[in-house]
Amino acid sequence: MNKIINKIRGNSILLASSLGLILILIFLVPSIIIDRGIFLSTEQKDDKIMNTYLYQGYTKASDLVEKYYGNSQKGIDWERILIDIEMELINKENSADIVITEKKLVLNGNYHYFDCSVKNNSKKTLSYIEVDIFLYDDNENMIDSTWTNWSGTLPPNGTAKLSTMIDYDSRISKFSAKVSDYSTK
């Protein structure tokens, strides 16, 4: 009788251990698989990364990239994409802080003289500003472009004057200009 009871106890312990292992497999493994995105297609992973970026920010999206792709080429590419998006957003936010307040293009002899004033509305001191200039004909076709730059110390709320000479072209009738680059101290 003791042998039967011991056998039943042994089987019960084995059964309990097996049930414990089965429960771990049932509850833990699927969460690991879901967390790592093993059953998600590449497109679904990419969508999840982008949505995470849009709604939760760079850090959370970067964490997902690490989970889904690790240090693979796809992971490296995603990190570059996220960093590029972040930098573009930062530049757009800051570009409103560095504005052209006045601009003119005057013909004098064999040259068009471009002059502009750029105001630093940011909270940072600037050390460099670059302005792109686009030249158009009467039909608003761009016929040329050039640039001018300034370097020095421009504190917050300061204004810098930029100018350049452009060779005469009889087709030039309109122009536009934009701040294309700047550096802070």
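Rule-based calculations on the coordinates, nothing more; no lab input. These numbers come from a predicted model, not from an experiment. Quick reminder, even Gly has a Cβ in these numbers, built from the backbone with ideal geometry, and neighbours come from all protein chains shown.
Checking the cross-link pairs LYS60/LYS124; LYS103/LYS174; LYS104/LYS161 against a 23 Å limit on the alpha carbon distance flags LYS60/LYS124 as lying beyond it.
Here the Karplus curve 6.51 cos²θ - 1.76 cosθ + 1.60, taken at θ = phi - 60°, turns the phi angles of the stretch 117-132 into couplings of 10, 10, 9, 8, 8, 7, 9, 10, 7, 8, 10, 7, 9, 10, 10, 8 Hz, with x standing for Gly and Pro. In this simple spin-label model, placing a label point 7 Å from the Cα along the Cα-to-Cβ direction at both ASP137 and TYR168 gives a separation of 1.9 nm. The string of couplings for the stretch 176-185 from the Karplus curve (6.51, -1.76, 1.60, θ = phi - 60°) is 9, 8, 8, 6, 9, 7, 7, 10, 10, 8 Hz, one whole number per residue in order, with x for Gly and Pro. 3J(HN,Hα) along the stretch 66-73, derived from phi through the Karplus expression 6.51 cos²θ - 1.76 cosθ + 1.60 where θ = phi - 60°, amounts to 4, 5, 7, 10, x, 9, 5, 4 Hz, with x in place of Gly and Pro. Between SER72 and ASP181, the FRET efficiency estimated from the beta carbon spacing at R0 = 30 angstrom works out to 0.35. As a proxy for reagent exposure, LYS124, LYS178 were ordered by neighbouring Cβ count within 10 angstrom, fewest first; the result is LYS178, LYS124.
Put simply, the amide H of TRP147, placed in the peptide plane, has neighbours under 5 Å in ILE133, leaving out anything fewer than 5 places away on its chain. Once backbone amide H atoms are built at 1.01 Å from N, ILE98 has ASN121 as its partners under 5 Å, excluding neighbours fewer than 5 places away on the same chain. Exposure proxy ranking for TYR113, TYR68, based on other Cβ atoms within 10 angstrom of each Cβ and starting from the fewest, stands as TYR113, TYR68.
Residue order for GLU79, GLU102, fewest other beta carbons within 10 angstrom first, comes to GLU102, GLU79.
Remark: spin-label model distance ILE85-VAL106 equals 4.8 nm, labels positioned 7 Å along the Cα→Cβ axis.
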